Amino acid sequence: MRPSKRDELVRKALTIFYRDGFHATGMDRLVAETGISKTTMFKHFRSKDELILAVLRLRDENFRNWFFRRLDEKQAAPKEKLAACFDVLKEWFSEPAFRGCMFIKASSEFQEPDHPAYVQSAEHKRLLLKAFTEIAGEAGARNPELLARQILVLKEGAIVAAHMGFDPDPAEAAKAAALALLDAQLQPV
């Protein structure tokens with residue numbers, strides 16, 4: 001099925017916003033780089049903020065589908081699956097187009113907690129936390145909610161470290177910490 005102009009615009013805008021940021025990217029640049037006219041853009045989106053929200057929704061869907069599909073492909077038990085999160089991150093970090101987390105960036109550029117971009121970014125993290133909590137429960141963690149929060153914090157820290165380049169292997173460092181947390185949570189009391 002051929003993508004619509006709207007879908008094409010959102011996909012192309014995602015690449016541009018991820019590369020250059022939201023505030024730094026104006027509508028004129030989007031027109032120039034996407035080849036889609038302003039008239040067509042405004043036919044589908046009343047404002048740049050509406051386009052940004054559509055981009056964040058697409059990125060959320062794409063990232064979570066990719067991330068959890070890669071985890072499932074490892075065919076690991078739940079404990080190993082939580083540790084393998086960091087192997088999947090390492091794959092992402094090695095991609096030439098890696099520029100950090102679009103949701104961390106969005107929440108930095110749109111800092112008001114009720115701004116739609118901020119809300120969508122927080123929802124992305126909430127959905128990841130929910131999935132990690134389910135996996136931690138399946139692994140038999142004594143406190144799946146706490147373990148999931150800890151894994152998510154390690155994941156987010158690894159992303160920032162990879163983006164900023166101050167750690168030679170942030171995914172491996174975070175994985176080592178995650179394994180220690182997993183061992184502590186899964187040992188009998």
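The values are calculated or read from the model by the stated rules, or taken from the named source; none is laboratory data. Remember, predicted model here, so these are calculated numbers, not experimental data. Cβ sites come from the backbone with ideal geometry, for glycine too, and all protein chains shown count toward neighbours. SASA here: full protein model, heavy atoms, side chains in, ligands and nucleic acids out. Shrake-Rupley method; radii C 1.70, N 1.55, O 1.52, S 1.80 Å.
Work out, step by step, the length gained on full extension between Ala122 and Ala180: first 0.36 nm times the residue separation, then minus their alpha carbon distance; give nm to one decimal.
18.2 nm
Heavy-atom accessible area per residue, the range 131-187, 1.4 Å probe: how many Å²? Write out the running numbers ahead of the final one.
Details: 2760 Å² over 57 residues.
Result: 48 Å² of accessible area for each residue.
If R₀ is 30 angstrom, what is the calculated FRET efficiency for the pair Glu95 and Lys43, using the beta carbon separation as r and rounding to 0.05? List each step's numbers first, then the result.
Values: r = 33 Å, r/R0 = 1.10.
Result of the calculation: an efficiency of 0.35.
Pairing the Cα long axis of helix 78-93 with the longest principal axis of the chain, what angle in degrees results, from 0 to 90 and rounded to the nearest 10?
With rounding to tens, the tilt is 40 degrees.
Treating cross-link reach as a plain straight distance, find the aspartates and glutamates whose alpha-carbon is under 14 Å from the alpha-carbon of Lys175, omitting any fewer than eight places away in the same chain.
In chain and number order, the partners are Glu80, Asp87, Glu91, Glu156, Asp167, Asp183.
If you fit an axis through the alpha-carbon atoms of helix 170-186 and take the longest principal axis of the Cα set of the chain, what angle between them do you get, 0 to 90°, nearest 10?
50
Pairs of lysines 8 or more apart, or on different chains, with alpha carbons under 16 Å: count those in the range 75-136, would you? It would help to have the intermediate numbers written out before the result.
Working: Lys79/Lys130; Lys81/Lys90; Lys81/Lys130; Lys105/Lys125.
Final tally of qualifying lysine pairs is 4.
How large a share of the accessible area of the chain, in percent, is made up of carbon and sulfur atoms when the probe is 1.4 Å and the other protein chains stay in place? Can you show the working numbers first?
Values: 5360 of 10010 Å².
The nonpolar share, carbon plus sulfur, comes to 54 percent.
Return the calculated 222 nm mean residue ellipticity for the chain, to the nearest 500 deg cm²/dmol, obtained by summing -39500 (n - 2.57) across DSSP H runs with n ≥ 4 and dividing by the residue count. Before the final figure, lay out each step's value.
Values: 9 runs with 143 residues, N = 189.
The per-residue figure over the chain is -25000 deg cm²/dmol.
As an exercise, find the ratio Rg/Rh for the chain from alpha-carbon atoms, using the Kirkwood inverse-distance average for Rh. Let's see the in-between values first.
Details: Rg = 18.4 Å, Rh = 17.9 Å.
Reported Rg/Rh, Kirkwood definition of Rh: 1.03.
Can you bin every Cα-Cα distance in the range 113-189 into 10 Å intervals starting at zero and give me the percent of pairs per bin, rounded to whole numbers?
For the range 113-189, the binned pair fractions read 19, 40, 31, 10, 0 percent.
Can you work out the Karplus-derived ³J(HN,Hα) for every residue in the range 123-128? Use 6.51 cos²θ - 1.76 cosθ + 1.60 with θ = phi - 60°, whole Hz, and x for glycine or proline.
Result, ordered by residue: 5, 4, 5, 5, 5, 5 Hz.
Helix 5-20: angle to the longest alpha-carbon principal axis of the chain, degrees 0 to 90, nearest 10?
It works out to around 70 degrees.
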